[in-house]
Structure formats: C-alpha cells, structure tokens
Amino acid sequence: MNILLLEDEKLAAHQLMGLLKGYFNENVQIHWVQSVQEGLAYLSGHPDPDLIISDIELLDGKVFQLYQQYDVQSPIIFVTAYDQYLLDAFQTNGIAYLLKPYAPEQLQQALDKYLKLFNKEMPNLMTEKVIDQLTRALGNADKDYKRRFVIKKSSGIYFVHTSEIKYFKADDDLVFAFDQKGQKHIISYRMSKLEEVLDEKEFFRINRGEIVNVNYIVKMEGYFGNRLAIQIQGEKEKLKTSGPKTAAFRKWMERL
C-alpha cells in the first residue's frame, strides 16, 4: 500500500502517519510532502500512489495548484479545516473528506470506504470540472463577508450586524435594511454591491429590489407566474421572487 500524504503541519502529519500505520498493520509506505512543489516533484517521478490524503493549505499555496498541473488518477481523501460550504463540493463529486479536528474513528471510516469502493478502473475524480468547482467553492470559503453596517442618524452613529437584518429593499435610489426589531435603516450600498459583500449562504437576491436573509424565512408558497411568496418573520407583507430568480432560489434553499 503506497500513500502520498500532503500536509504542511508536522504534528498533524506525524499523527496521521501513526494512525495509517496502525490501520494497515505497518504494511504501508507513506511519502509525506509539505508543499505543492514537493508534491508535484514526487508525482512526476513516481508511479501514482494507491491513495492520496490531502490537506488544502500547503506551505506554498493551495493544493489545487498541484491538481491543476498534474493529472491525478489516485483516489483522494481530503483533510480540511474548511466548513460545510466547501465540503458540499467534495460530496457532490464523490470525494471523501475529514473535517478537522477529526476523531481516529472518522479516518477509519474513510479508509474503510476507500477499501470497499476503490477500483483501478474507476474514472479520475479530479477532472478540470471538479478542480474548478472546488477552487470556486474555496474562494467563497475564504471570502471576508461584511458583518455589520454603519448607520448614521440624527441621534448618532450606530452599528447594525448583518445577522440582525431580515431583508434589504431598494426604493428608487435608496436601499433600506429591515432588522429584527422592526426598524428601518438607510444603507449606503447599491443592491449589486450588497450581493458582493453579503454571505451568500445567508442572503439571496430574490428579485431586482429585494435581498432576503434565510434565517428569517418562516415559510414559502407558490405564487402565480412561476414565482414564490416568502413569509418573513414579523412581516405582514410577503416578498415575491421574480420569475427568472425562482429556480435559482429553490436550488439555493435546497443546498443550505
């Protein structure tokens, strides 16, 4: 059994090697590298390993740089500290993963799955499409989303956290934020800019003039014209998706 371990942290690598040797009863050869360049040099000069266990962040960059340069044919178990948003991309493409910090039992389950499913004739999982999806997902995971807005009023300057905002609504040239306390605030952002700075796991632009926070959606129901009527917590008037946005909104809700 030949395993390539891509891990930049020395302690984590030694712990993982110990667990792997225990699982395979010492009948395993493990080659450990800490960087993209070391990994590329190893893969270019050796037969493809039976299994790759791969972290995301290496000493000289993200591991996807390696997979973009070398056509990896080996199955991969990702060991990552990133959240479920990124891990959804792994699941979609059938790639096993462990979320740090993980228990030894989780590694054992992943290895059990590998031994059960691995077939030398199985198609390559790390296609250009998969790498692109993971890279884009990682970019979203790394993104520093806006967490609060500065609100200027005659009585002073206040902060409103995005988690407190139920929805945004454009009215002519102004954009308003409606918070959980029932207050209405003018926001110095255009709707297009709000889409860029808000966490897309929580906020969705349902039409040209409204962005909703999923955490305050009470229920949804069908509305004429292939649209949805959305009930927001504490609001009498329901918000409506536009026809072109409805399908994307449904997919977004299912992904959460």
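Counting just the residues of the range 5-57 that are within 19 Å of Gln69 (Cβ to Cβ), assigned to a helix (DSSP H, G or I) and aliphatic (A, V, I, L, M), which one comes out nearest to the chain's Cα centre (by Cα)?
Top of the filtered list is Val36.
If you check Val79 against the conditions, is it at pLDDT below 90, crowded, with 21+ Cβ neighbours inside 10 Å and either in contact with a Gly (Cβ under 7 Å, 6 or more places away or on another chain) or aliphatic (A, V, I, L, M) (or both)?
On the way: at pLDDT below 90: yes; crowded, with 21+ Cβ neighbours inside 10 Å: yes; either in contact with a Gly (Cβ under 7 Å, 6 or more places away or on another chain) or aliphatic (A, V, I, L, M) (or both): yes.
Spelling it out, Val79 is indeed at pLDDT below 90, crowded, with 21+ Cβ neighbours inside 10 Å and either in contact with a Gly (Cβ under 7 Å, 6 or more places away or on another chain) or aliphatic (A, V, I, L, M) (or both).
If I ask for residues that are surrounded by 14 or more Cβ atoms within 10 Å (Cβ to Cβ), over 13 Å from Glu210 (Cβ atoms) and over 24 Å from the mean Cα position of the chain (by Cα), which ones from the range 163-182 would you list?
Across the range 163-182, the qualifying residues are Asp179, Gln180.
Name the single residue that is modelled with the lowest pLDDT among those in the range 94-120 being closer than 12 Å to Pro75 by Cβ and assigned to a loop (DSSP other than H, G, I, E, B).
Ranking the candidates gives Gly94 first.
Could you please find all residues in the range 205-245 being in a helix (DSSP H, G or I) and surrounded by fewer than 19 Cβ atoms within 10 Å (Cβ to Cβ)?
Within the range 205-245, Val214, Asn215, Gly243, Pro244 meet the criteria.
The values are calculated or read from the model by the stated rules, or taken from the named source; none is laboratory data. This structure is a prediction, so every number in the text was calculated from the model and none was measured. Cβ sites come from the backbone with ideal geometry, for glycine too, and all protein chains shown count toward neighbours.
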